[in-house]
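The values are calculated or read from the model by the stated rules, or taken from the named source; none is laboratory data. Quick caveat, the model's predicted, so the values are computed rather than measured. Positions of Cβ are backbone-derived with ideal geometry, glycine not excepted, and every protein chain shown enters the neighbour counts.
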């Protein structure tokens with residue numbers, strides 16, 4: 001990967017819509033993955049890149065129409081084999097499809113597609129394409145059979161990426177699980193807050209994070225956040241990370257669980273505390289991941305009160321009473337089958353194919369990179385996910401999902417699948 005820190009940072013403008021403003025913001029260049037190729041030895045061709053002839057014709061379009069990619073012989077990474085494995089994953093994909101179909105029948109979807117900038121991509125065509133794809137998933141018996149059916153019936157619209165050749169930077173996000181309390185105690189001291197009912201009337205510039213909650217995160221009751229406390233956490237970093245992720249599942253002292261989700265934000269851009277640590281020489285330029293950031297603050301907890309206040313942005317929450325994490329199109333996200341993109345460019349709720357290097361846990365628990373193709377639904381967005389060259393991949397809930405998300409960063413490709421016929 002040839003993405004520089006400066007280039008990564010430009011994606012961190014905080015527009016907190018939907019779930020993920022997330023681990024992807026913390027991720028800076030990971031040396032061990034930096035030059036990983038997306039083409040296995042048996043398939044050394046540039047078939048995944050956008051042909052030069054097509055980019056010349058569509059220089060300003062975020063998506064370029066092309067025929068489906070024909071798999072090279074023996075290239076299993078070309079296929080979504082997870083759907084037909086020893087434990088078939090059709091149920092999760094079908095659930096995600098159903099949620100997108102539900103969204104596409106709403107007034108919000110009609111509005112979103114009313115002036116969509118890519119000719120030929122309409123709400124009706126996206127809807128019919130999803131229904132036909134669902135039929136194929138239900139009736140095919142192998143990943144190869146499904147891929148061949150797609151070659152016959154569908155065309156692809158490929159993202160031009162960050163280089164107009166189709167190269168897309170992939171990161172990942174997840175829903176963390178934290179211990180929390182409905183009431184403050186000597187153990188649970190650090191709150192997250194409800195959306196202020198009068199936020200729209202707050203004069204701008206808004207108060208900053210430090211002005212709202214203090215450098216130590218404990219002063220909110222003295223100002224505008226008084227009586228807006230929603231839950232309390234034990235650790236200073238946890239409510240902040242919940243804001244970065246946009247949601248969390250909470251384990252309460254009585255043994256019950258609940259969930260919180262994004263409700264709103266103040267008008268400041270996000271500032272990466274990972275980048276701040278690098279700027280101050282506390283962490284090296286290369287090799288910084290979420291685990292290294294967490295390790296640093298575990299060793300230097302007193303510095304949380306220095307670095308968290310540098311991020312002026314602030315997110316408010318609502319209790320979702322155990323409901324799954326939701327995306328920006330207001331449907332629950334599905335682990336491994338939902339993605340976040342820039343919704344000013346990409347078609348909401350649409351069926352997509354991603355190809356990227358993703359970490360998986362081997363039988364010993366060690367994370368190993370694998371190049372995979374996955375059929376996914378575009379159901380979310382995020383402040384760090386800007387431009388045609390960014391995708392955030394939802395990996396689910398809990399520690400393993402977080403471990404995987406924390407080290408996911410690779411270049412890959414993004415395609416949208418539409419039926420050949422528009423009728």
Scanning the stretch 378-389 for residues that are modelled with pLDDT of 90 or more, buried (at least 20 other Cβ atoms within 10 Å of the Cβ) and assigned to a loop (DSSP other than H, G, I, E, B) gives 388, 389
Of those in the stretch 175-191 that are modelled with pLDDT of 95 or more and part of a loop (DSSP other than H, G, I, E, B), the residue surrounded by the fewest Cβ atoms within 10 Å (Cβ to Cβ) is 186
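Any idea which of 100, 142 is touching a residue at least 24 places away in the same chain (Cβ under 8 Å) and within 25 Å of the chain's Cα centre (by Cα)? Break it down stepwise before answering.
Numbers: 142 fails: within 25 Å of the chain's Cα centre (by Cα).
Exactly one residue qualifies, and that residue is 100.
Yes or no, residue by residue, for (1) in a loop (DSSP other than H, G, I, E, B); (2) under 23 Å from residue 326 (Cα atoms); (3) touching a residue at least 60 places away in the same chain (Cβ under 8 Å):
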residue: 354; (1), (2), (3): no, yes, yes
residue: 363; (1), (2), (3): yes, no, no
residue: 376; (1), (2), (3): no, yes, yes
residue: 402; (1), (2), (3): no, yes, yes
residue: 408; (1), (2), (3): yes, yes, yes
residue: 413; (1), (2), (3): no, no, yes
Exercise. Residue 234: touching a strand residue (DSSP E or B) at 6+ places or on another chain (Cβ under 8 Å) and modelled with pLDDT of 90 or more, yes or no?
Worked result: yes
How many residues of the stretch 390-400 are in contact with a helix residue (DSSP H, G or I) (Cβ under 7 Å, 6 or more places away or on another chain) and assigned to a loop (DSSP other than H, G, I, E, B)? The answer is 0
For the stretch 282-298, the count of residues that are more than 15 Å from residue 409 (Cα to Cα) and more than 21 Å from the chain's Cα centre (by Cα) equals 8
How many residues of the stretch 192-201 are in contact (Cβ under 8 Å) with a residue 40 or more places away in the chain and either in a loop (DSSP other than H, G, I, E, B) or crowded, with 16+ Cβ neighbours inside 10 Å (or both)? The answer is 5
If you go through 284, 291, the only one that is over 19 Å from residue 384 (Cβ atoms) and either surrounded by fewer than 14 Cβ atoms within 10 Å (Cβ to Cβ) or touching a helix residue (DSSP H, G or I) at 6+ places or on another chain (Cβ under 6 Å) (or both) is 284
Restricted to the stretch 320-344 and to residues being outside any loop (DSSP other than H, G, I, E, B) and out of contact with any helix residue (DSSP H, G or I) (no Cβ under 9 Å at 6 or more places or on another chain), the residue nearest to residue 373 (Cα to Cα) is 339
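Quick grid of which residues meet (1) surrounded by 19 or more Cβ atoms within 10 Å (Cβ to Cβ); (2) under 28 Å from residue 200 (Cβ atoms); (3) under 25 Å from the mean Cα position of the chain (by Cα):
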{"residue": "214", "(1), (2), (3)": "no, yes, no"}
{"residue": "221", "(1), (2), (3)": "no, yes, no"}
{"residue": "226", "(1), (2), (3)": "no, yes, no"}
{"residue": "234", "(1), (2), (3)": "no, no, no"}
{"residue": "241", "(1), (2), (3)": "yes, yes, yes"}
{"residue": "258", "(1), (2), (3)": "no, yes, yes"}
Log entry, pairs with first residue in the stretch 277-302 being at negative phi and free of Cβ contacts under 8 Å to residues at least 24 places away in the same chain, second being part of a helix (DSSP H, G or I) and surrounded by 12 or more Cβ atoms within 10 Å (Cβ to Cβ), beta carbons closer than 7 Å, six or more apart or on different chains, reads 282/296; 283/277; 283/292; 283/296; 296/277
Take the conditions surrounded by fewer than 13 Cβ atoms within 10 Å (Cβ to Cβ) and under 17 Å from the mean Cα position of the chain (by Cα) and apply them to residue 344. Does it pass?
yes
Residue 72: passes all of (1) assigned to a loop (DSSP other than H, G, I, E, B); (2) more than 28 Å from residue 387 (Cα to Cα); (3) within 24 Å of the chain's Cα centre (by Cα) but (3)
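Would you point out which residue out of 322, 287, 246 is closer than 20 Å to residue 194 by Cβ and at pLDDT below 90?
246
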